[in-house]
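Written out below as C-alpha cells is the structure these notes cover.
The values are calculated or read from the model by the stated rules, or taken from the named source; none is laboratory data. These figures come from a predicted structure and were not determined experimentally. Please note: Cβ atoms are built from the backbone with ideal geometry, for glycine as well, and neighbour counts cover all protein chains shown.
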Amino acid sequence: MAATAYTRRFVSADTDPADAAQLENYYRQLADRPIDNPAELEKWLLDFSELESVIDEYASRRYIDKSCHTDDAAIKKRYLHVVEVIAPKVKPLSDALKQKFLQSPHRASLTSTRHNILARNWQADVERFRPENVPLETAVDKLVTEYDEINGAMTIQFRGQELTLQQAARFLEDPDRPTRQQVWELTQQRRLVEREKIEALYDQLLPIRQKIAANVGLPDFRAFQWRANKRFEYTPDDCLRFADAVAETCMPLVHELDRQRRADLHLPALRPWDTAVDPQSRPPLRPFDPNDVDGFVSKTRQIFATLSPALASDFDQLKQHGNLDLQSRKGKQPGGYLMPLEESRQPFIFMNAAGVHRDAETLLHESGHAFHHLAAANEDLVFLRSAPMEFCEVASMSMELFGDAHLGVFYPPADAARAKRTHLEGIIRLLPWIATIDSFQHWIYTHPGHTRADRQQTWLALLERFSSKLDWTDFDDVRQSMWHRQTHLFHAPFYYIEYGIAQLGALQIWTKSLTDPRTALANYRSALTFGGGKTLPDLFTAAGIVFDFSAKTIAPLMKVIGEELERLQR
Ligand SMILES: [Zn+2]
C-alpha cells in the first residue's frame, strides 16, 4: 500500500503544539460548536481526532528526542514542558469533549460498531471518574515513586566495580558456577535490605486502592481495575481458569525442561543461579556485527520479504520516513519501544542494538507493532486506531514466531534451531509466571486487611504450583519476597495477564502457520487492519483464532510446542 498523505482540515498549519493557549482555543471551539445532526457530530469527531493527533504526535516526538539524547538539556526541557504543562492542561479539556459526545442527542444515530466501541470506552472512563479519588491517586503515585527510587538505587559491588542489578544479571549467564552464585547472592542480599520497606509500602498502597474502588461504589479494587483496563469481554474467573490451565498443561513441560537442564549441566539439583546459563556452555549467539546496523536491518527485511512482499514494503516505509533509530550509542536511553506518530500515521522504532540475539527478537517484535499501526492507518479516528493491549501484543508476538522460521538469515542451521528453541522455552516459562503474578493479585485485592503472614503463605503456595523445583536451601527469605521485584504489582495492578492472553493468540496463529503459512499470515494481516474498531473477541476471530484461555485452547498449543522442542536439537 502506498503511503498516503493526511492533510489537516481543522488545525491550522502554523499552530504551535507547545503553546497551551493555542491548544485551549481549539478545544473551546469544539466545546462551543453547535451540533445539529449526526453528520455534524461525525465531522466534529474528526476535528477532535485531528486536534488530538497533532498534540499526540508532538508529544511523541518530544519523547523520542529525549530518549535519543538523554544528555541534551534543551531537549529535556521541551519534553518536560509537554509532561508538566501541556498534558495536564489538555486532559480536562479532552474529557469535557468526550462528555459532549456522550451527551449529544445525535449519538444514538451513529450505530456502527466503531462508534459503539468508542462510546463504550468513553462511558467507562466517565463513570469511573470521582473528584474525591484525585488526591488518592496522587497518594498512590507518591508511594509508587518511592518504590521506584528504592529499586533504582540498588547496586552491588562486584570485582571492584559498582553494578546496577540489570548489569549484574549478565553474570547469571556466566558458565562459571561460583561466579553465578556469587553475583546471585550479592544481588539478593541487596534486595533483602529493602524487604521491610517494600512490605510496608505495599501495606500502605492497598487500603488507598480499596478506598478508590469504594468511592466508585465497587466491592473491591479488582472490580475497579477491570473497568479501568476496559476488560469488557472477560472476567476474573476466566483469568483464574487460565491459571488452572497453565498448571495443568504447561507445568509438565517446565519440569521436563528443568530435567534436561539439570542433566546437561551435570547437576544433582538446580539452584536459583543455574536457570539463566546456557546448559551447554556455548558462547552467546551473534546475529550481526554491532557496528553494522544497516546489515541487521537488511537481514530483518529479508525475513519480511520472505513472509510477504507487502510486509517488506511496510518495513521500507519506516526507513524512508527516518523512523528507525536502532544503534546503541552514548546518551541514548536503554531499552526498545514502538511509538506511533498519530498525525503522520507512521510508526517509529527505537532500540539499542548491540549484536545479541535479543536484538533480532526485539526488532521482529516492534516491527509487528509497526505493521499493526500501518495496517490501521486508514482509521480516521485516532481514538479507534489502536487495538486493546491484549491484541496489540498478538501482532508483535506473532511476528517473533513468524520470524523464527527464517532465522537462517542470521545463523547457520544449528544456531537458528538453538535460537528458536530458546524462544519457545522462554514462552513456556513466562506463562506460569504470568499466572503467578495474576493469581497473587486476585487474592490480594479480594482479601482486604490480610496480614503479611497470610500474604506470604499465598505467595509461596503459588510458587509451589507455578515454578521450577529448585533447591532453595538457605534462601527461603529470598523466595518469600520474590514478588517485590515485579514492578507491575506496584505500578499497574492486574496489568500482566494481557501478555498471557496475547501469547495464546500468537501461539494459535503460529501453530496454524506450521501447516498453512499463507492463510495464517493473511488472516493475521487482515485482523490488523481493524485497529481498535472491533471488540477483542471479534479481532481474534478476524485473525482466525479463538478468544478463550481455558485448557481447551492451551493444551493443544503446549502439545505442539513440546513436539517442536523435541524436534529441535539441543
Ligand atoms: Zn510489545
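Residues in segment 363-389 that are part of a helix (DSSP H, G or I) and over 21 Å from GLN320 (Cβ atoms) were compared, and the one that is nearest to the ligand (Cβ to nearest atom) is HIS365. Considering the conditions (1) over 30 Å from PHE410 (Cα atoms); (2) without any contact (Cβ under 8 Å) to a residue 40 or more places away in the chain, GLU248 is excluded by exactly one of them, (2).
For LYS559, the stated conditions do not hold, so it cannot be described as charged (D, E, K, R) and crowded, with 20+ Cβ neighbours inside 10 Å. Could you grab me the full set of residues in segment 328-337 that are within 15 Å of the ligand (Cβ to nearest atom) and either buried (at least 22 other Cβ atoms within 10 Å of the Cβ) or more than 16 Å from the chain's Cα centre (by Cα) (or both)? None; the set is empty. When you check ASP14 against the structure, is it outside any helix (DSSP H, G or I), at pLDDT 95 or above and more than 27 Å from the chain's Cα centre (by Cα), yes or no? Yes: the conditions hold for ASP14.
Could you figure out which of (1) at pLDDT 95 or above; (2) surrounded by fewer than 18 Cβ atoms within 10 Å (Cβ to Cβ) isn't true of HIS491? Single failed check for HIS491: (1).
Scanning segment 259-288 for residues that are crowded, with 19+ Cβ neighbours inside 10 Å and of a type in the set (Asp, Glu) yields one hit, ASP274. Checking each residue of segment 412-426 against the condition of being of a type in the set (S, T, N, Q) and either over 24 Å from GLY368 (Cα atoms) or within 16 Å of the ligand (Cβ to nearest atom) (or both) gives no match.
Among the numbered conditions (1) out of contact with any Leu (no Cβ under 9 Å at 6 or more places or on another chain); (2) within 15 Å of the ligand (Cβ to nearest atom), the only one that SER396 does not meet is (1).
Results for (1) among the β-branched types (Val, Ile, Thr); (2) in a helix (DSSP H, G or I), shown as yes or no for each residue.
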position: LYS89; (1), (2): no, yes
position: LEU93; (1), (2): no, yes
position: PRO105; (1), (2): no, no
position: ILE117; (1), (2): yes, yes
position: ARG120; (1), (2): no, yes
position: ALA124; (1), (2): no, yes
position: VAL144; (1), (2): yes, yes
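For segment 344-362, the criterion of being among the aromatic types (Phe, Trp, Tyr), touching a residue at least 12 places away in the same chain (Cβ under 8 Å), away from the ligand (no atom under 12 Å from the Cβ) and closer than 29 Å to PHE549 by Cβ is met by no residue. Just one residue in the set ARG120, ARG191, ARG159 is surrounded by 13 or more Cβ atoms within 10 Å (Cβ to Cβ) and not small (Gly, Ala, Ser); that residue is ARG191. For the residues SER386, SER367, the requirement of being modelled with pLDDT of 95 or more and surrounded by fewer than 21 Cβ atoms within 10 Å (Cβ to Cβ) singles out SER386.
Residues are listed down the side, and each one gets a yes or a no for (1) part of a helix (DSSP H, G or I); (2) free of Cβ contacts under 8 Å to residues at least 60 places away in the same chain:
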position: GLN260; (1), (2): yes, no
position: ALA263; (1), (2): yes, yes
position: SER281; (1), (2): no, no
position: LEU285; (1), (2): no, no
position: PHE288; (1), (2): no, no
position: ARG301; (1), (2): yes, yes
position: GLN317; (1), (2): yes, no
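Looking across segment 221-240, just one residue is within 19 Å of the chain's Cα centre (by Cα) and small (Gly, Ala, Ser), and that is ALA228.
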